[in-house]
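Taking it in order: structure first as structure tokens, then the write-up.
Just so you know, all these numbers are worked out from the coordinates, no wet-lab data involved. Nothing here was measured: the structure is a model prediction, and the numbers come from that model. Cβ placement follows ideal geometry from the backbone for every residue including glycine, while neighbour counts extend to all protein chains displayed.
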Ligand code: 4AD
Ligand code: MG
């Protein structure tokens with residue numbers, strides 16, 4: 001098989017003949033030589049292909065066509081590079097342009113483009129250094145997630161994307177229907193869901209948790225990793241309408257065990273990023289977020305901080321003048337509060353626990369104070385919440401009471417309640433937003449730039 005540029009850089013510069021295929025990043029021509037920087041996506045760095053006078057003469061018509069963005073095939077020999085910062089280059093003897101990229105119309109010329117502009121050409125942005133790096137880190141992190149859980153005996157469970165239950169009880173769900181909405185609207189008839197595809201209202205899932213809990217209460221240690229959907233009208237740099245979530249769930253784990261799992265999980269992912277994505281992280285450190293690598297390294301070196309919600313609110317109240325939204329006990333903390341707590345108080349990742357039950361989901365285990373639940377959010381500098389989870393209410397009566405109190409339909413959760421009717425156990429789990437993880441390890445500022453094709457309110461292009 002043809003070697004990738006990444007593989008070529010592991011070879012000795014011994015003059016062997018070599019062929020490379022990829023896309024031209026830049027072309028530079030002097031009287032005596034021409035230089036093509038070629039990239040094939042296998043790594044951040046390009047390979048420099050140098051054409052001496054004889055090679056220029058041999059490749060002339062093709063060299064003229066090999067502009068930025070063109071796909072090319074280059075043959076030559078692998079030699080040491082005199083240029084600083086690269087150990088090898090190709091002394092080219094042959095060039096063929098596979099597909100041109102006319103410079104008048106190719107949008108990605110050799111200059112800095114804004115993230116906003118690149119979002120408009122999301123089909124071409126993977127050809128930039130930044131988005132190539134994001135894609136490689138995303139790939140490595142997805143694999144590391146499976147490695148982490150598989151090494152610990154977790155079973156990967158596939159939960160449904162179409163569901164009739166609202167896991168978070170927040171109601172921000174996309175409806176799935178095959179009803180002819182235009183016709184119904186014109187006819188003035190009431191909607192009859194018995195005639196809909198599933199015979200009842202159905203939605204895209206906001207979380208695989210309720211389903212994965214069923215397998216947890218049989219297989220012990222399980223996790224999901226899949227797409228989830230939220231129809232909240234949140235136009236922020238931290239929210240997507242379609243995002244990927246990792247949700248482990250462990251039988252017999254309490255909240256303390258849950259936090260230990262979350263901490264070792266996040267640390268392992270950070271460590272893998274530092275070790276296996278060094279070239280890409282060095283780029284992010286230099287161009288996107290100064291000090292990124294040192295701060296990630298710091299994360300590995302000390303235990304995460306812990307605070308209860310009640311303690312956190314007391315701290316926030318003392319600093320009330322710093323916030324747009326004044327903190328008080330019962331407030332669903334905003335990212336300004338979360339950032340303050342981990343940046344100014346904890347100086348790193350911070351677990352907040354024991355939130356008021358009113359601002360958390362129905363399934364969380366109730367504390368004996370009658371006011372708070374065994375919830376945990378992991379907050380990190382720069383954007384706040386990265387993980388949300390809890391110990392689950394394993395007591396049938398208490399869970400039923402909570403479902404009724406919140407006005408949820410008990411029938412819809414009868415299968416979920418069966419887990420408490422038959423062989424109930426304490427159990428705990430959490431959800432890590434995959435794109436929030438990527439913001440964390442890459443230093444990228446906007447969540448729309450760490451997923452290939454972002455979906456957000458009024459945004460479903462490509
Ligand atoms: O805190 P959330 O809503 O928790 C759950 O869905 C639970 N069922 C998880 C569980 O216990 N199994 O979401 C979990 C995480 C958040 O901490 C955040 O990282 C991410 O998912 N997240 C989002 N990421 C991008 N866009 C959004 N709109 C997100 N909403 C949540
Ligand atoms: Mg949450």
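Could you work out how much longer the chain between residue 290 and residue 16 gets when fully extended? Use 0.36 nm per residue separation minus the Cα distance between them, nm to one decimal. Please report the intermediate quantities before stating the final value.
On the way: separation 274, 0.36 × 274 = 98.64 nm, distance 3.93 nm.
Additional length available on full extension: 94.7 nm.
How do 9-21, 42-54 rank on mean C-beta neighbours within 10 Å, highest first? Mind showing how you got there, number by number?
On the way: 9-21: 13.9, 42-54: 18.8.
So the order, starting with the most tightly packed, is 42-54, 9-21.
Against the longest alpha carbon principal axis of the chain, how many degrees, from 0 to 90 and to the nearest 10, is the axis of helix 209-219 turned?
Tilt relative to the chain: about 90 degrees.
Any chance you could check the Cα centroid distance between segment 84-106 and segment 423-445 for me, in angstrom?
Result: 41 Å between the Cα centres.
Could you give the radius of gyration (one decimal) and Dmax (whole number) of the Cα atoms in segment 212-367, in Å?
Taking only Cα atoms of segment 212-367, I get Rg and Dmax of 17.8, 50 Å.
Could you state the angle between the C-alpha long axis of helix 292-301 and the longest principal axis of the C-alpha atoms of the chain, as a value from 0 to 90 degrees rounded to the nearest 10?
Helix 292-301 and the main axis of the chain meet at about 50 degrees.
Using 1/(1 + (r/R0)^6) with R0 = 45 angstrom and r between the beta carbons of residue 185 and residue 400, what's the FRET efficiency to the nearest 0.05? Intermediate values should be presented prior to the final figure.
Numbers: r = 38 Å, r/R0 = 0.85.
In this case the efficiency is close to 0.70.
First check a/c for segment 127-178, with a ≥ b ≥ c the square roots of the eigenvalues of its C-alpha gyration tensor; if it is under 1.5, answer rounded, and if not, answer prolate when a/b is larger than b/c or oblate otherwise. Walk me through the numbers on the way to the answer.
Numbers: a/c = 3.06, a/b = 1.40, b/c = 2.18.
Because a/c hits 1.5 or more and a/b fails to exceed b/c, segment 127-178 counts as oblate.
Give the average over all directions of the projected area of the C-alpha convex hull of segment 165-245, one decimal, in nm². Working shown, then result.
Numbers: hull surface 29.4 nm².
Mean projected area for segment 165-245: 7.4 nm², to one decimal.
Quick check: pseudo-label points 7 Å beyond the Cα along Cα→Cβ at residue 162 and residue 232, how many nm apart are they?
2.7
Based on the inverse mean of 1/r over its pairs of different Cα atoms, what is the Kirkwood hydrodynamic radius of the chain, in Å? Can you show the working numbers first?
On the way: mean 1/r = 0.0397 Å⁻¹.
That comes to 25.2 Å for the chain.
Can you give me the C-alpha center-to-center distance between segment 336-414 and segment 133-191, rounded to a whole angstrom?
21
Could you check the spin-label model distance between residue 115 and residue 200? Points 7 Å from the Cα along Cα→Cβ, value in nm.
Spacing of the two 7 Å Cα→Cβ label points: 4.2 nm.
To test your reading of the geometry: what angle, between 0 and 90 degrees and rounded to tens, separates the Cα axis of helix 53-65 from the longest principal axis of the chain?
Approximately 50 degrees, to the nearest 10.
Taking neighbour Cβ counts within 10 Å as the exposure measure, how do 23, 329 sort from fewest upward? Don't jump to the answer; show the numbers that get you there.
Working: 23 20, 329 13.
Fewest-to-most ranking of 23, 329: 329, 23.
By count of other Cβ within 10 Å, fewest leading, how are 123, 306 ordered?
On the way: 123 11, 306 15.
Final ranking by Cβ density, sparse to dense: 123, 306.
Taking the beta-carbon count within 10 Å as an exposure proxy, list 173, 444 from fewest neighbours to most. Show your work: numbers first, answer last.
Numbers: 173 21, 444 24.
In increasing order of surrounding Cβ atoms, one gets 173, 444.
Can you give the FRET efficiency to the nearest 0.05 for residue 146 and residue 31, using r as the Cβ-Cβ distance and R₀ = 41 Å?
With R0 = 41 Å, the Cβ-Cβ based efficiency is 0.15.
So what is the relative contact order for the chain, in percent, with contacts set as C-alpha pairs under 8 Å and at least six apart? Could you put the intermediate results ahead of the total?
Numbers: 835 pairs, mean separation 60.2, N = 462.
Normalised by residue count, the contact order of the chain is 13 percent.
Label segment 205-302 by shape, choosing from rounded, prolate and oblate, from the square roots a ≥ b ≥ c of the eigenvalues of the Cα gyration tensor; if a/c is under 1.5 it is rounded, and otherwise prolate applies when a/b is larger than b/c, oblate when it is not. Working shown, then result.
Values: a/c = 2.60, a/b = 1.41, b/c = 1.84.
Since a/c reaches 1.5 but b/c is at least a/b, the shape of segment 205-302 is classed as oblate.
Using 0.36 nm times the number of residues separating residue 421 and residue 178, minus their current alpha carbon distance, what extension gain do you get?
Details: separation 243, 0.36 × 243 = 87.48 nm, distance 3.55 nm.
Extra length available between residue 421 and residue 178 comes to 83.9 nm.
Want the number for residue 409 to residue 264: 0.36 nm per residue separation, take away the alpha-carbon distance, what's left?
Values: separation 145, 0.36 × 145 = 52.20 nm, distance 3.69 nm.
So the extension gain works out to 48.5 nm.
Arranged from highest to lowest average of other beta-carbon atoms within 10 Å per residue, in what order do the peptides 402-410, 126-134 appear? Walk me through the numbers before you get to the answer.
On the way: 402-410: 13.2, 126-134: 19.3.
Most protected by this proxy first, the peptides run 126-134, 402-410.
Is the shape of segment 302-423 best called rounded, prolate or oblate, per the rule: a/c under 1.5 gives rounded, else a/b larger than b/c gives prolate, else oblate, with a ≥ b ≥ c the square roots of the Cα gyration tensor eigenvalues? Before the final figure, lay out the partial values.
On the way: a/c = 2.68, a/b = 2.05, b/c = 1.30.
Prolate is the answer for segment 302-423, as a/c is 1.5 or above and a/b outweighs b/c.
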